[in-house]
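Chemist: So that we are looking at the same thing, I have put the structure below in structure tokens.
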Amino acid sequence: QVQLVESGGGLVQAGGSLRLSCAASGRTFSTYTMAWFRQAPGKEREFVAAINWSDIYADSEKGRFTISRDNAKNTVYLQMNSLKPEDTAVYYCAAGPVGRRVISTTTAWYESWGQGTQVTVSS
């Protein structure tokens, strides 16, 4: 498994932007599908975005969020624009099984998780 450390969360007003980062350990980062999930209080963890050779998004994030990766830095990013109060949650970075060319939206498929970073959007 790979070790993941998220950063970049914080408090922002509605309409603002944040960029989350997730730094990964190991030398095979480029072979992992990487994803962002989020979990609001009292709710299940939900898919936000994922990237491998391509990227996919949850419908509610399309056009507002952008996932990207820098394989040279072993880092995946989530650029979040036009933030809404309903985006408030703990955001988690996840890595899939090494070398699998699959982009999944389900939590069970991902093997490694970060500790999470809090994003709070005020109205």
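Chemist: So which residue, out of TRP53, TRP36, TRP113, gets the largest mean-square fluctuation from a GNM of the chain using Cα contacts under 10 Å as springs?
Modeler: Fluctuation is largest for TRP53.
Chemist: Consider a paramagnetic label point 7 Å from the Cα of TRP53 along Cα→Cβ; state which residues of segment 96-122 have an amide N under 13 Å from it.
Modeler: It comes to 100-103, nothing else.
Chemist: Placing unit charges on C-beta atoms (Lys and Arg positive, Asp and Glu negative, everything else neutral), compute the dipole magnitude of the chain about its Cα centre in debye, rounded to 20.
Modeler: 240
Chemist: No solvent, one uniform scatterer per C-alpha: report log10 I(q)/I(0) for segment 42-91 via the Debye equation at q = 0.14, 0.31 1/Å, two decimals.
Modeler: So the normalised log intensities are -0.39, -1.34.
Chemist: If N is the number of residues in the chain, what value comes out of its Cα radius of gyration divided by 2.2 N^0.38 Å?
Modeler: 0.98
No value in this document is a laboratory result; all are computed from the given coordinates. Computed from a predicted model, the values in this text were never measured in an experiment. Neighbour counts are summed over all protein chains in view; Cβ atoms, including those assigned to glycine, are modelled from backbone coordinates with ideal geometry.
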